1. Applying 1/(1 + (r/R0)^6) with R0 = 35 Å to the Cβ-Cβ distance of Trp520 and Val176, what FRET efficiency is obtained, to the nearest 0.05?
2. Whole angstrom only: what separates the Cα centroid of the stretch 433-491 from the Cα centroid of the stretch 356-400?
3. Among 509-522, 332-345, how do they line up from the highest to the lowest mean number of other beta-carbon atoms within 10 Å?
4. Asp533 accessible area, nearest 10 Å², 1.4 Å probe?
5. Under a crude label model (7 Å from the Cα following the beta-carbon direction), how far is Val489 from Ile164 in nanometres?
6. Which whole-Hz couplings ³J(HN,Hα) result when phi for each residue of the stretch 152-165 is put into the Karplus expression 6.51 cos²θ - 1.76 cosθ + 1.60, θ = phi - 60°, listed in order with x for Gly and Pro?
7. Could you sort Leu387, Leu224 by their accessible area in this structure, using a 1.4 Å probe and putting the largest first?
8. Could you state how much accessible area Val508 has, in square angstrom rounded to the nearest 10, with a 1.4 Å probe and all protein chains kept in place?
Amino acid sequence: MSQPENEKYGVEPLGDSSGDDKHHGFTTQVQPVHSSPDDAKRTRRELKPRHVQMMAISGAIGTGLFASTPCSSRAGAALKRAGPLGLLLGYGAFGSITWMTFNAMGEMVCYLPVDGSFITFAYRFVDPSFGFALGWLYCYNAACVVAAEITAVASMVNFWNSSINNAAWCGMSLAVVFGLVSSPELEMTDVRKNLLGAKYFGEGEFVLSIFKVLLILGLLIFTLITMSGGNPLHHAFGFEYWNNPGPMVEYLTSGSLGRFAGFWSTLIQAAFAYGGPDYISNAAAECKSPRRVMPTVFKRVIVRLLVFYILGVLAVSFNDPDLGGSAPGAGSSPFVLAAVRMGIPALPDIINAVIMTSALSNGIANCFSASRSLYALALSGNAPAILKTTPRGVPIYCVTVVCAVGALCFLSVSNSSATVFTWITNLTGSGNLLLFGLFHVIYIRWYHGMRAQGHDRNDLPYRIRGQLAMSYIALIGYLVILLTNGFSVFVKGHWSYQDFLFDYLSIVFFLVPWIGHMIWRRSFCPIPIGDIDVTTGSEEVEAQDQLPSPEANTVVGKLNAWLWG
C-alpha cells in the first residue's frame, strides 16, 4: 500500500506493536485503523478478537436460559407447560433456525462489517422505508430490554435483601451500563491509546461473558453429579422426572393435542432465551480485522448452541410446585430449586449472583446494539442529526437516549407504576421473532443482488452451502411461530387482552412505520435487484484486509490464536 493510501485509510507505517496483543504472545506491526476514505466511518475499530469471541458467547446466552426475568416473564413456566422432552424439542427446533439466522447474518457481516449492520443492510438491500421501520422497531425493542434487564438485576439482589429500595440498584446498574458503553477517551499524549468507549466496554463484556460460561458449565457439572447420586440426599435422580409426571406435559387440553400445545408454547420462550446475531453484527463494525476474525466467530455458533442450550435444557428436567413462581431473584429457577431441595448450602447464592451478572451483561449488550442502531438511523437521516455526533469514536448521544429509555426501570420500583412498566416492556412482545425473520428478508435480497451483479460467492470471507434455501425455511418458520405464538388466548376460557397485545403488537409496530414511510416517500417498490448497493464501505474493510495478521510466536500466542482467532 502506498504512503498516500496509508494516510487515506488510517493505516500506520510498519513499526512497533499495537494494543495489548504483545501481552498475549503476539507480535504485530500495525496500528489500529480509525477512519475510512470518506470519513463516513466515525466509530473506531478497537475491539480485539478475544473481546468479540466472548461477546458472541454473551449474545448467544440470554438470561431466560437460567431464570424467569421481567424480559422473559414466561420462562420459568415453560418447563411446567411442556415437560422436559417438550422443552428439549422446542429449544432444539428453535435452535436450528437460530443457527440459520446466524449464518445468514454472518455472510453479510463478514463481507461488509459496516456501521449500523443489518439496519444499513435493510436500507441498501430492500428499501429505505423497510430500513426505517426495522431500525426503529429494533431500537425500541433493545432499549426496553435494557430497562427490563436492569430491573432483573435489582430483582436478583432481592434474593438476599429486600429492605433497600430497588431504585438504588437500578440506578447503580444503569450507571454501569452507561459508563461501559459510552465512556470517552482519557486525555493522553498518544491519541492511539485505548478508547474507553470501546476497550473498557470490550473488557467489561469479556469478564461478564466468562462468568456466563462458567455458570452454564458449572450447572451442567452440578446436574451430572447430583443426578448420579452425588448429593446430600444420596439419591441418584437420573431421569426419574421424565417418568413422573412424564417426558411431555399436557397443556390447555388433553391427549396428543395437549402435549403438542405444550411443546409449541416453548417456542416463544426460546426466542427470549436464545440470543440473536444482532449484537455481534453491530460489534463487527468496531472489530479489528473483521474479515479475519468474524468468520471464526460465526463458525463456532453451532457449538455454543449445542453446549449451552441443548445440554442446558437437559439439565433442567425437574418437577417442583414452585417452578416458574414469583420468588425473589432466581428463587424460582429450576437450578436454584434443585440446590435448595437437596440441601446444598451456598450454591443457590452463587447461582443467583452469577445470573445477576448475566442480566447486567445482557443490559450492556442491548444498550450497545440499540445505540449503534440509533446511530445508523441518524446516518440515514431518519433520526435527529445530533445523534450522528461521535466524539472520540463513540455515538455518545445515542447511548444517552437509549439509557434514558432504560431509566424506565425506575417505574418497576413501586406497585402503582409497575403496571405501566410492564405494559411498556411488553409492547416489544414477540419482536425478536419478527426481527429475526426480517433478517432473512434482507439476506435473500442481498443474495440475489450479489448474484445479479456478478459477484462470486467463492470470494466471500464466510459462506454456507445451501444458505439461500435455509433462509427461506427459517423465514417461514419465524412467521409461523410469530402468527401462532399467542394461540392460548384463543382457547375458550383463556382470553387475555394483555397477552394478545404482548404476542402481536410488535407486528403493528413494524407495519405502521413501514407503510407510513412509504406513503411519505411516495414510493411503494423495493430497490431493483440490479441497483442494490453491495459495495459501499468495502474500501475501508479491504484496507483492513491488507493489514498483516498478528504472528503467534510463543505457546501463549498460539493458544490465544486458537481460542480467539
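1. According to the calculation, E is roughly 0.35.
2. Here the answer is 26 Å between Cα centres.
3. 332-345, 509-522
4. 50
5. Spacing of the two 7 Å Cα→Cβ label points: 3.8 nm.
6. 5, 4, 4, 5, 5, 5, 4, 4, 9, 8, 10, 7, 8, 4
7. I get Leu224, Leu387, largest accessible area first.
8. Using a 1.4 Å probe on the heavy atoms, I get roughly 70 Å².
The values are calculated or read from the model by the stated rules, or taken from the named source; none is laboratory data. It should be emphasised that the depicted structure is a prediction, and the values quoted were computed from it without experimental measurement. As a convention, Cβ positions derive from the backbone with ideal geometry for all residues, glycine included, and neighbour counts pool all protein chains shown. Calculation scope for accessible area: heavy atoms of the full protein, side chains included, ligands and nucleic acids excluded. Shrake-Rupley method; radii C 1.70, N 1.55, O 1.52, S 1.80 Å.
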